[in-house]
Amino acid sequence: MTMYVFLESLFNALRLFFLVNPDVLDITLLTLRVSGTAVLLGSIAGIPTGAYLGLREWRGKKTTIRIVNLILRSIINTFMGLPPVVVGLVVFLLLRYEGPLGFLGLVFTPTAMIITQLILVIPITIGVTISAVGGVDKAIREKALSLGATNREAAFAVLKEAKIGLLTAVIVAFGAAISEVGGIMIAGGNIWLKTSTLTTEIVDAVQVGEYELALTLGVILLAIAFAINIILTILQIREAKH
Amino acid sequence: MRRLSKTQLVIVLLVFVFVTVAIVGEYFLSRSRRLVLSTTTSTWDSGLLGYLLPIYEQRYDVKVDVLHVGTGQALQIAQGGDADLVLVHSKELELNFTSQGYGVHRIGVMYNDFIIIGPPSDLAGIRGLTNATEAFRRIKTAGDLGNVIFVSRADKSGTNLLELKIWSLLGLTPKNTTYSWYWEAKTGMGNVLRICNEKLGYALTDRATWLSFKNELPNLKVLVQNDSVLFNPYSVILVNPDRYPHRNHQDAVKFVKFLISVEGQTLIQDFKKEGETLFYPLARDVPKAVELGFENQQEELVWYDSHT
């Protein structure tokens, strides 16, 4: 009951806030569009890649395999912690009019922001997927193979087992994307109602001393992250029960 | 297994279509009538552009995208061909920009003023001075004695460049490393004011940012103002249409015509914060414009007025 009252008052506060600041709704939707697209594309690219790298049978000399594996993992782990501002800067330099991809006309657009976040998110989904796949009991794969499954079918059997870990990959990626600010500010240009997101507007609001607005935007950001994580966590728990 | 492959194929196709639509859509959006204005944080953060632009956008059916960054970056973006015009405030950088052929038709639009703020205890003893250079000299003296600190933007913004210019009048080029009382914050005006409020420091600030923040800064007061060196003129410069033929020259000219029209200048004067005027019209006050460094103001006025 108290939970219900709390949610109702929160909802009313947000409704009032959006009525007073209709632009904030646009900004929230753009934030979701940018981070959502980046995480969607990042998962589609990163999860199969991570699964491939995690499941691959490395042929060749044992020491060579170990070294290659070590270097590969280290690279992925490093890229999982890519500084967003550096990525944003590189994307900006590539997409600006005088840059090599300037002809696309994508600098200071939501697409430029999606590209930035995609680059940040892909290593995260790959890395977490590798760990998730690695955590599955080896016996499952061997059992599938012994029952006459092809390599690919056996891989899917492992992925099915690793579902919770794959969901974790999506959750972590989403968290990184929606809270990101430095990279999208450089690549997107922080143009009001075109490439401004909740995080960039928080920075702007603090810059002009509107701490209250900044904090409210922060609460909205947190609420969105919470809502999306509830859905993903429900899925995760349901999978765990199976 | 085969069915799964089909699903995968559908997903891949969907994603492909999605991305293509997004990119193509963006491309066409970028071709619709848009004006990209590269400007300083002060014109945006003060709310001036938020007040002026809707009037222009509605009248001319052009959407104005505002990139609000430091003066140095604003000019850099325009130089890279990613903006149609700039609205900035740093004479030397502006003249560099035009003399190298990146920009044309520089004209003074408006001005505001800078102030020196600091703690009411004022251990440097600058309160009430109308000579910024003398105030800086006293801050240095008190700083050398370890009594006060000065916080610099140190971000190559117009404000920072003016500050360095005043120091250079005293023959000084202060750095973090040379004076312990000189703090290079490398951040925006608002952050510098907050640092001063916490550490009881002195700083040079524009009046607009000060007024926005005043209520959050109980430990600071305006100590020095009204020196002519503290007047801060803003100019607009079009990017050179010969050099950047892909840019929207036509709408950029229209926008400047709007800014310097009697109506635009009146709108600028009527824009107030906490009851105080933030920007004073300059475009049609030719003697004042010449005094503030726009030697060609009359010619440029004629050029814009006669341009249709």
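Would you kindly work out the equivalent ellipsoid of chain B from its C-alpha gyration tensor and give its semi-axes, the square roots of five times the eigenvalues, largest first in whole Å?
40, 27, 18
Springs between alpha-carbon atoms under 10 Å, Gaussian network over chain A: tell me which of A:L118, A:L213, A:L159 tops the mean-square fluctuations.
A:L213
Would you please classify the overall shape of the stretch A:107-242 from the alpha carbon gyration tensor, given that a ≥ b ≥ c denote the square roots of the eigenvalues, rounded means a/c under 1.5, and beyond that prolate means a/b larger than b/c while oblate covers the rest?
Here the stretch A:107-242 falls in the prolate category.
What do you get for the angle between helix B:189-199 and the principal long axis of chain B? Use alpha-carbon atoms, 0 to 90 degrees, nearest ten.
40
In whole Hz, what ³J(HN,Hα) sequence does the stretch B:168-175 give by Karplus (6.51, -1.76, 1.60; θ = phi - 60°), x for Gly and Pro?
5, 4, 8, x, 10, 10, x, 9
How crowded by other chains is A:103-112, given as the mean number of beta carbons from other chains within 10 Å of each beta carbon?
5
When the Karplus curve 6.51 cos²θ - 1.76 cosθ + 1.60 is applied with θ = phi - 60°, which whole-Hz ³J(HN,Hα) does each residue of the stretch A:226-233 get, with x for Gly and Pro?
Couplings: 5, 4, 5, 5, 4, 4, 5, 5 Hz.
Once phi is turned into ³J(HN,Hα) by the Karplus curve 6.51 cos²θ - 1.76 cosθ + 1.60 with θ = phi - 60°, what whole-Hz value does each residue of the stretch B:76-83 show in order, with x for glycine and proline?
3J(HN,Hα) across the stretch B:76-83, in whole Hz: 4, 4, 5, 4, x, x, 9, 8.
Let me know the mean shielding of B:183-189 by other chains, meaning the per-residue number of their Cβ atoms within 10 Å of its Cβ.
That works out to 1 on average.
Order these by the 10 Å Cβ neighbour count, fewest first: A:M80, A:M185, B:M189, A:M113.
Ascending number of Cβ neighbours within 10 Å: A:M80, A:M185, B:M189, A:M113.
Obtain the radius of gyration and the Kirkwood radius of the protein assembly as shown from its C-alpha atoms and give Rg over Rh.
Ratio value, two decimals: 1.05.
Mind running the shape call on chain A? Use the C-alpha gyration tensor, a ≥ b ≥ c as the square roots of the eigenvalues: rounded below 1.5 for a/c, prolate if a/b tops b/c, oblate otherwise.
oblate
Between beta-carbons, use under 12 Å as the cut-off and find the net charge around B:G264, counting Lys and Arg +1, Asp and Glu -1.
Result for the neighbourhood of B:G264: +2.
Within the set of other residues whose C-beta is less than 14 Å from the C-beta of A:D23, count the net charge using Lys and Arg as +1 and Asp and Glu as -1.
Cβ neighbours under 14 Å give a net charge of -3.
To the nearest whole number, what is the average tally of beta carbon atoms from other chains within 10 Å of the beta carbons of peptide A:206-215?
Partner Cβ neighbours, averaged per residue: 5.
Which one, B:R207, B:R127, B:R33, has the greatest fluctuation when you compute a Gaussian network model over chain B with C-alpha springs under 10 angstrom?
Result: B:R33 has the largest fluctuation of those listed.
Given an 8 Å cut-off on Cα distances and at least 6 residues of separation, report the relative contact order of chain B as a percent.
24
So what's the angle, to the nearest 10 degrees on a 0 to 90 scale, between helix A:84-95 and the longest Cα principal axis of chain A?
80
Once you order the gyration tensor axes a ≥ b ≥ c over the Cα atoms, which shape class does the stretch B:199-308 get: rounded for a/c under 1.5, otherwise prolate or oblate by comparing a/b with b/c?
prolate
By counting other Cβ atoms within 10 Å of each Cβ, how are A:S131, A:S43 ranked from fewest to most?
A:S131, A:S43
How long are the three semi-axes of the equivalent ellipsoid of the stretch A:150-204, in whole Å, if each is the root of 5 times an eigenvalue of the C-alpha gyration tensor, listed from largest down?
After scaling each eigenvalue by five and taking roots: 38, 11, 7 Å.
Would you mind calculating the relative contact order of chain A from Cα pairs under 8 angstrom and at least 6 residues apart, reporting the percent as a whole number?
26
Any idea what diffusion coefficient the stretch B:113-229 gets from Stokes-Einstein, in µm²/s, Kirkwood Rh on alpha carbon pairs, 4 °C, 1.567 mPa s?
94
Amide H to amide H, which residues 5 or more places from B:L278 or on other chains are under 5 Å from it, using H placed in the peptide plane?
Here the answer is B:K273, since their amide H atoms fall under 5 Å of that of B:L278.
Every number in this text was worked out from the coordinates using simple rules, so none of it is lab data. Keep in mind it's a predicted model, so treat the numbers as computed, not measured. Please note: Cβ atoms are built from the backbone with ideal geometry, for glycine as well, and neighbour counts cover all protein chains shown.
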